[in-house]
C-alpha cells in the first residue's frame, strides 16, 4: 500500500493521500504498532474535541440499527432501511459500475488529470 500513498507518484486519490499524510506525517513505512498508536491518538483527540458537545455521533456500521441512529442524528425521516447495506465485503466493491453518483471517483483511474477533487491544502 505504501507506494500508492506517495504524494507525487501514488495511484490513490489525491484526497486520500493528503488525508493519510496529514494523519501520519512522520511515519513511513508504518508498522502495525505505529499504525495502532496513531489511530488511538487520533481517536482520543476526536473524542476530546467533541467532549460535552451534541454534534458528534460515533457508529459501528456493522451493528444492527446503525443506519437508523444516523438518520435520527441527522433529523432525517426514519422510514426505510435501519441497517447499512454491506457493499464493501472483500477487496473491491461488488458491481462498482452499477453505482452512479456525480462525486464517485473511479478507483482505477491513475493520475490527477483523471480525478476531480478539492484541495484544501
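Any read-out appearing in this document is the output of simple, stated calculations on the displayed coordinates, not a laboratory observation. If you're wondering where the values come from, they're calculated on a predicted model, not measured in any experiment. No Cβ is skipped: glycine too gets one built from the backbone with ideal geometry, and neighbour counts run over all protein chains shown.
Dividing the convex hull volume of the alpha carbon atoms of the stretch 1-52 by its residue count, what do you get in Å³ per residue?
It comes to 77 Å³ per residue, whole-number rounded.
Applying 0.36 nm per residue to the separation of residue 7 and residue 31 and subtracting their alpha-carbon distance, the gain on full extension is 6.7 nm. For residue 23 and residue 86, the FRET efficiency from 1/(1 + (r/R0)^6), where r spans their Cβ atoms and R0 equals 30 Å, is about 0.70.
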